[in-house]
Amino acid sequence: MKFALSIFLCLAVAVFAVEPKGFDGIPFGETHDKVIEDVLKKGYTPEVQPGQVIVPIYNLGDLPVEVIFRFNRVGHFFSYEMRTGAIERERFPKVIEAVRYMSEQLSLRFGVPTKKNFYRIEEIDGKKAAEYWVWDDPEVDVATFIRPRDARFFSQATVTQKALARER
């Protein structure tokens, strides 16, 4: 009985390990055309640009975000970015609310983050980006950020498949 249980556990771990990660059922490694096809099947109208496919409005739970699919030099989907619209400095608490919600949604998929930061507006001024939460995953780099743009701020999340990012 113990032998059968150990074999079952090994198989379960192997199946879990090879589960393709990606975005909303679109696995990493897909070609540019296949990602466009999958996005269209989901009912979204993508904006197609060289090296990326953009979904202007995607509902991440209750949060509308823009999703950018990125492709490596070989043409495989290796990374995606989600970002909210830019919000004025006076409404900075809304940016914090959005990045926290986005981070919590990613936690459902990637587990507990290894690093959590909590910022005040003064701590972000002058920075290109302020990491909010960061996950330590062996297959993907995952992080959420608060980014300033002019006199406004927006929330951003990036998920990058490590092996495909190095593919040439």
Label model pair D62, Y119: point-to-point distance (7 angstrom along the Cα→beta-carbon line) in nm is 2.4
Cβ charges +1 (Lys, Arg) and -1 (Asp, Glu), total dipole of the stretch 2-165, debye: 220
Based on the mean of other beta carbon atoms within 10 Å per residue, what is the order of 111-117, 21-27, 140-146, most packed first? 140-146, 21-27, 111-117
If you take the beta carbon distance between K34 and A86 as r and set R0 to 25 Å, what does 1/(1 + (r/R0)^6) give as a FRET efficiency, to the nearest 0.05? 0.20
Restricting attention to the stretch 113-168, which GluC sites (Glu not before Pro) occupy a DSSP loop and are surrounded by at most 10 other Cβ atoms within 10 Å? none
Under DSSP H, which helices of the chain have Cα atoms covering 18 Å or more of the helix axis and a Kyte-Doolittle average no less than -1.0? 2-17, 92-110
Computed from these coordinates, which is Kirkwood radius over Cα pairs in Å: (i) 21.4; (ii) 16.3; (iii) 17.4? (iii)
Spin-label zone in the stretch 84-105 - amide nitrogen under 20 Å from a point set 7 Å from the Cα of A151 along the C-beta vector: 85-96
Could you tell me the center-to-center distance, by alpha carbons, between the stretch 109-168 and the stretch 50-94 in angstrom? 13
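Quick note: the coordinates plus some simple rules give every number you see, no bench work behind them. Bear in mind the structure is a predicted one, so any value in this text is a computation, not a measurement. Neighbour counts run over all protein chains shown; Cβ positions are idealised from the backbone, glycine included.
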